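Before any comments, here is the structure.
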Amino acid sequence: MSTCSIEHKNFLKKRRNKKILVHVMQFLIIFCFLVLWEIASKTGMINSFLSSSPSRVVRTFLSLLEQNNLWNHVYITVYETLISFFIASLLGFVIATLLWWFKTLAKIFDPYLTVLNSLPKVALGPLIIIWIGANMNSIIFMALMISLFITIINIYSGFQQIDYYYTTLLKTLNASKRQIFVKLVVPGNKNNIINCLKVNISMSLIGVIMGELLVSKEGLGYLIMYGSQVFNINLVITSVVLLGIISYLMYLIVSLIEKKIVKNY
Amino acid sequence: MKPLLSIRKLKKNYQDLDGEVEALGGIDLDVYEGEILSIVGPSGCGKTSLLSILSNLENKSDGNVKFQNETIKIGYMLQKDALFPWRTILENCLLGLEIQHSLTEESKKRVIELLKTYGLSEFMDKYPSSLSGGMRQRVALIRTLAIDPDILFLDEPFSALDYITRIYLSEDVYNIIKKEGKTAILVTHDLAESISLSDRVAVLSKRPAVVKKIYNIEMKNKSTPMENRKTKEFNEYYDKIWRDLDVHL
Ligand SMILES: Nc1ncnc2c1ncn2[C@@H]1O[C@H](COP(=O)(O)OP(=O)(O)OP(=O)(O)O)[C@@H](O)[C@H]1O
Ligand SMILES: [Mg+2]
């Protein structure tokens, strides 16, 4: 390892080239898409009123920045997403832990969890507004309904997949249930938990947008709603693009955290 | 001499939806301090069940298990190494000490010494995935020894290994047990292993298992397992135990 052989150098070079290729291709795809979109709308191949165009999106973005306090809408959406993300993650982890701890509880609640998870939550939208009111709490509640159950199910199923043999080993060492949880179940599920967080962040964002479409007076969901009501397609598409960027950034942050705490063994 | 562990009329039935499985049908066995006692018997006769009951992983159905005193500590080495992939070799070896709240600078030093003695110091900070099967099994043994047990239960510790590694590792394990002055119960399928390694061999019957016979392994020139295999007595014991096992193919 100390002396860098030619073979090793070639190996590193190949690895780097592949990485560069992936990045270049990723860039090219979005670039070509934008260029084609722009050309198609400029030449009238598609109706630019109905399908907007990159330059229109940029213009809309700038005017939103100047006139409509865009950052506030972005801030509200991100804020709601983070709140529901943290509540769902924490609650999901705690409930999954309880289910693991009390196996009978898990058996009892298994069908309920499945049903609650697959229930189409949008259908509950009007009800949620009646119960909680047309405010931010409804939006967060809606997002929780969407993200919480899947988080519980995913984390718990990871807990269950811990090799029975490892548990036996800890029992031979006279480990308590708490020790089995702390020394085995949690560290053995680090990757799974991170993956759940990744899913959870997009679920929370979806839930928040759904909630905003229903009740809100602020946020990107509201902009989309408003845009489609007044038939301002530019506004709708700009908001959707912003949403895409936000979800990508959040994903990046979780990935960074992942890189920090997940070791390769 | 008072035995370290005495087992009387130990019975174990497993309950199942389709009925009951009688695994142990009344085991009588004494284990003395400092000896290596091998247990051989047909597959599925209840050897693992016996160790599980002795180490409180399973409840017995009937009978008596008595240790010489309350403070006797058991080290159980399972058939698979069960090394945690997210812990380094050293961290794996310290697991028992952590669990039993006896991890100190001193006990840690002792474990590091063990790793050094058995040729694993280079790998201390590596993860289990970078070890060969034989090394992993050795780490599992050191993990078992780390808590300084009075009696070792070894459940087919070598069965996952190739023949050559197996011979060398059993040599190592023998030396480790004798050097650390431990008492050990070794469950194995391999008659040659049991005869060459142990002081006594207990032969179990088919399920429900009882102790069919116990052999004191006496050899004129008893030395290391590998040398023991070359003696004349070795072959005689092998034939006798083979007949006791009563295997029909
Ligand atoms: N948890 C269990 N539940 C039900 N039956 C069991 C259980 N564990 C073992 N048995 C049954 O008890 C009998 C003895 O099993 P045990 O694992 O002790 O045998 P063994 O001698 O260790 O076998 P092997 O040599 O194959 O390892 C077997 O018939 C097995 O099917
Ligand atoms: Mg067994």
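Just so you know, all these numbers are worked out from the coordinates, no wet-lab data involved. Values in this document were obtained by computation on a predicted structure and should not be read as measured data. Positions of Cβ are backbone-derived with ideal geometry, glycine not excepted, and every protein chain shown enters the neighbour counts.
Structural remarks
- Highest mean packing comes first when the peptides B:52-61, A:151-160 are listed by Cβ atoms within 10 Å, giving A:151-160, B:52-61.
- When shorter helices are ignored and each DSSP H run of at least 4 residues is given -39500 (n - 2.57), the per-residue value for chain B at 222 nm works out to -10000 deg cm²/dmol.
- Between B:LYS213 and B:VAL203, the built amide H atoms are under 5 Å apart, and every one of these is 5 or more places off in sequence or on another chain.
- Per residue, the convex hull spanned by the Cα atoms of region A:28-151 measures out at 187 cubic angstrom.
- Flagged links, alpha-carbon separation over 24 Å, of B:LYS73/B:LYS109; A:LYS177/B:LYS66; A:LYS18/A:LYS259; A:LYS183/B:LYS47; A:LYS183/B:LYS178; A:LYS18/B:LYS126: A:LYS177/B:LYS66; A:LYS183/B:LYS47; A:LYS183/B:LYS178; A:LYS18/B:LYS126
- Binning the alpha carbon pair distances of the protein assembly as shown at 20 angstrom intervals from zero yields the distribution 17, 36, 26, 16, 5, 0, expressed in whole percent.
- With a 10 Å cut-off around each Cβ of B:122-128, the average count of Cβ atoms from other chains is 1.
- Whole-Hz couplings from phi, Karplus 6.51/-1.76/1.60, listed for region A:17-30; x for Gly and Pro: 4, 4, 4, 4, 4, 4, 5, 4, 5, 4, 5, 4, 4, 5
- A quarter of the convex hull surface defined by the alpha-carbon atoms of region B:1-145 gives 11.2 nm² as the mean projection.
- Alpha-carbon centroid distance for the pair region A:7-38 / region A:99-119, whole angstrom: 45
- Simple spin-label estimate for B:LYS126 and A:THR104 gives 4.8 nm between the two label positions (7 Å along the Cα-to-Cβ direction from each Cα).
- The amide H of B:GLU58, built 1.01 Å from its N in the peptide plane, has B:ILE53 as neighbours under 5 Å, considering only residues 5 or more places off or on other chains.
- Among A:ASN72, A:ASN195, A:ASN17, the largest mean-square fluctuation in a Gaussian network model of chain A, built with springs joining Cα atoms closer than 10 Å, belongs to A:ASN17.
- Taking a straight Cα-Cα cut-off under 17 Å and skipping sequence neighbours fewer than 8 places away in the same chain, the aspartates and glutamates within cross-link reach of B:LYS206 are B:GLU20, B:GLU22, B:ASP28, B:ASP190, B:ASP244, B:ASP246.
- The protein assembly as shown - share of DSSP beta bridges that are antiparallel (%, nearest 5): 55
- Per residue of peptide B:76-83, the mean number of Cβ atoms on other chains within 10 Å of the residue Cβ is 4.
- The sum of -39500 (n - 2.57) across all DSSP H runs of n ≥ 4, divided by the residue count of chain A, sets its helix-only mean residue ellipticity at 222 nm to -27500 deg cm²/dmol.
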